[in-house]
1. Could you check region 117-145 and list, in sequence order, the residues that are among the hydroxyl-bearing types (Ser, Thr, Tyr) and either open to solvent by less than 40 Å² (accessible area, probe 1.4 Å) or assigned to a helix (DSSP H, G or I) (or both)?
2. Restricting region 146-176 to residues that are open to solvent by 70 Å² or more (accessible area, probe 1.4 Å) and aromatic (Phe, Trp, Tyr), which is nearest to residue 66 (Cα to Cα)?
3. Quick one: which residue in 46, 4 is modelled with pLDDT of 75 or more and among the polar types (S, T, N, Q)?
4. Scan region 59-75 and report the pairs whose first residue is under 11 Å from residue 200 (Cα atoms) and whose second residue is at pLDDT below 85, with Cβ atoms within less than 6 Å and a gap of 6+ or a chain change.
5. What number of residues in region 110-160 are within 19 Å of residue 48 (Cα to Cα) and in contact with a Ser or Thr (Cβ under 7 Å, 6 or more places away or on another chain)?
6. Among the residues of region 49-69, what is the count of those that are open to solvent by 40 Å² or more (accessible area, probe 1.4 Å), in a helix (DSSP H, G or I) and in contact with a helix residue (DSSP H, G or I) (Cβ under 8 Å, 6 or more places away or on another chain)?
Amino acid sequence: MRTSWGRVRARRHADVPTSGEAAELWSRVLRRRGALALSALGVLWSAVAATGLGVPRGLWLVGGALVLAGLFAGLAHRPVPRTDGGMTERLRDHPAEWRRLLVRTAGSLALVLAVVLVLGVTTRSPQVLAPFAAVAMGAHGLPAAYALDQPEYRWAGAGLVLAGATGVALLIAVTPYDVVRDVVGALAAVSLLGTAARLSVRP
């Protein structure tokens, strides 16, 4: 008897299946959720980049990101043919207490982003928001990759850190804020959407 998607979703608060079809479906759920989440973040960062481009070009940029996000969502939910070994997904090997690690990672990211926002507002330095936020998000991608056993998250994390570091370097070089925001947003969006594309087509 085949395991239904509902039963797999019901296991969110139970022990993660480690073998058989249930484990395969669980891995597919995580991969698809990852593709959707990264696509959504990519669209948000494209909106950050679009703010300095003006209405026509900015709208085209965000629209293109939305089209790509929809494409990746469709690819992630396509039927996956069986391989010679009979498996369609790489089974996850979660570390002990991986849920707690994931919650702590999300909580610390929210805290760091709040601190960055407060510092940017109180010091009247909005130019630091995009670079520092990108670095914070990228750094937190590493523990998320470990907790979910999804190595591709490291790519997105590294790309975000690179985007933020590039923004900091541009600020040091006294580059106009609009340019900094555009560069950071574009690099972050490319990193996130590129990783989402990988997750959408690779089991």
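The values are calculated or read from the model by the stated rules, or taken from the named source; none is laboratory data. What you see is a predicted model, and the numbers here were worked out from it, not measured in a lab. Quick reminder, even Gly has a Cβ in these numbers, built from the backbone with ideal geometry, and neighbours come from all protein chains shown. The accessibility values were calculated without ligands, DNA or RNA, using every heavy atom of the protein model including side chains. Shrake-Rupley method; radii C 1.70, N 1.55, O 1.52, S 1.80 Å.
1. Initially, region 117-145 is screened for residues among the hydroxyl-bearing types (Ser, Thr, Tyr), giving 122-123, 125.
Correct list: 122, 125.
2. Applying the filter and picking the extreme gives 155.
3. Values: 4 fails: modelled with pLDDT of 75 or more.
The conditions single out 46.
4. 72/200; 75/200; 75/201
5. Qualifying residue count, region 110-160: 3.
6. Qualifying residue count for the region: 5.
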